[in-house]
Every structure is written in C-alpha cells, then in structure tokens.
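Okay, so here's the structure we're looking at.
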C-alpha cells in the first residue's frame, strides 16, 4: 500500500496570508490526524477527522481549521498566518480505532516570513 | 502543561551497547503508550507500543518497560546500531480518546 502523502512538502508564506495543506491517507484508513511540530515543543495535536467529522481537537486558535472529504483525504487551513506558525505540519492516518497505529506522512514544512 | 516529558534532549551511545530512552507522564488516564522514531525530513515511524495492562513489551532489539506507579516508561535498544540514530518520541493516549500526546523527543546518536 502507498503511504500517507502530504502536499506541498515545502511552503513559504508571509504574515497575514492563509495556507491550505493537503493529506492523502493510506487507502482504507478513515481517520486522519494533524500535528504541528516545532523545535522544543515536540508534536502538538491539532485535530482528528473520522468519516468527514471532527472527533477531537487540540488547543489551537480558531485560525487553524480542517476538513475531511468522502474519500478520506483531508485538508488543513491556517488563516492570518503569524511568524509563530512556522513549523512542520504532520498528518497521520489510521484505520479507525483509537489504539490502532497511526502512520505519518513526511510533513509539510511551512515558513512564515 | 507538558503531560508527557522526555527530559533528555539528547543521548550518545557506543555502537553495540544498550540505549535507554526515558519518558515520564503525569496524566493517570493514559493507558496506552507508544514510541516513534523520526529521521530528518521524514514523518515519525511507529516503533513499539505497550498497554497499561502490561509492564513489558518486546520486539526484536526493542523493549519497552512501563512502571505505572512511577508513571514512567523506557525504551531499551540492544544492541544499538548506527541506523538507530534518530529522534525518538514517546506518546500516550487515554482509552477511547484518539488524541496522542507526544513528548518533546530525544535525539539518539550511535557512535561507531
């Protein structure tokens, strides 16, 4: 099976702009989670979607939003970008259950200038 | 509030020796723990997990130990190999909650 894919891999934006990141899960996986990784902070959970519904959310401001489509592909949007949003954004998929292994994509590195 | 802590940002170990990576947690609701390994420019890769009903789980060179009373888990790699050089993250989840809480990672360097 193909792994989790994320596009684009690298992105440069300026403050105030918005950005949309895309994630295609492993075929058959219905759950997609998003994480933000910054130096010294580890991976911070953003949100999780399952069958097009958000079923869990982390402690991020409303500027961070997401959605999932009927084919399980997911997008994450960040509006009004701030310098502190510069990070590696990781997407992970799993088949469904909470204790099933999450498989991560390579991430999208976002740089906000 | 860091509920999962990896207090050692880095660790260097001689090739062939044992590598021990540590992780502490504060949330007593956590009952499932995982270790992920991450190479630069790649996403984390699942390594090994343990449920709170066990105190040890082994997979080849990798063993995870869980001490629930101390809220502590550790990952042992024996023998350590150069390819083990990576950042290791521990993560925890509570039953029925899909959210994984990660530690900040430990960079392991295996010295040939």
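Given the Cα-Cα distance of residue A:10 and residue A:113 and 0.36 nm per residue of separation, how much length would full extension add, in nm? If you can, show how the numbers build up before the last one.
Working: separation 103, 0.36 × 103 = 37.08 nm, distance 1.36 nm.
This chain segment gains 35.7 nm when fully extended.
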**Prompt:** For all pairs of alpha-carbon atoms in chain B, what percent lies in each bin of width 10 Å, listed from the first bin to the last filled one?
**Reply:** 15, 50, 30, 6, 0
**Message:** Give the separation of the Cα centroids, the range A:1-37 to the range B:18-80, in Å.
**Reply:** 26
**Message:** For the pair residue B:72/residue B:39, report the inter-label distance in nm, with labels modelled 7 Å from Cα in the Cβ direction.
**Reply:** 3.3
**Complete:** Rounded to 0.05, the calculated FRET efficiency for the beta carbons of residue B:12 and residue A:60 at R₀ = 35 Å is 0.50
**Asked** Just the Cα atoms of the protein assembly as shown, one point each, no solvent: what log10 I(q)/I(0) does Debye give at q = 0.08, 0.10, 0.12, 0.13 Å⁻¹?
**Response** -0.28, -0.45, -0.64, -0.76
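Just tell me how shielded B:44-53 is by partners: mean number of partner chain Cβ atoms within 10 Å of each residue's Cβ, no decimals.
The per-residue average across the peptide is 2.
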**Message:** Distance between the C-alpha centers of the range B:81-96 and the range A:42-113? Whole Å please.
**Reply:** 19
**Prompt:** Once a ≥ b ≥ c are taken as the square roots of the eigenvalues of the Cα gyration tensor of the range A:28-86, is the result rounded (a/c under 1.5), prolate (a/b larger than b/c) or oblate (a/b not larger than b/c)?
**Reply:** prolate
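So for chain A, what percent of the C-alpha to C-alpha distances run longer than 19 Å?
Roughly 39 percent, once rounded to a whole number.
We did not get these values from a lab; they are worked out from the coordinates using the rules stated. Quick caveat, the model's predicted, so the values are computed rather than measured. Every residue, glycine among them, receives a Cβ derived from its backbone with ideal geometry; neighbour counts consider all protein chains shown.
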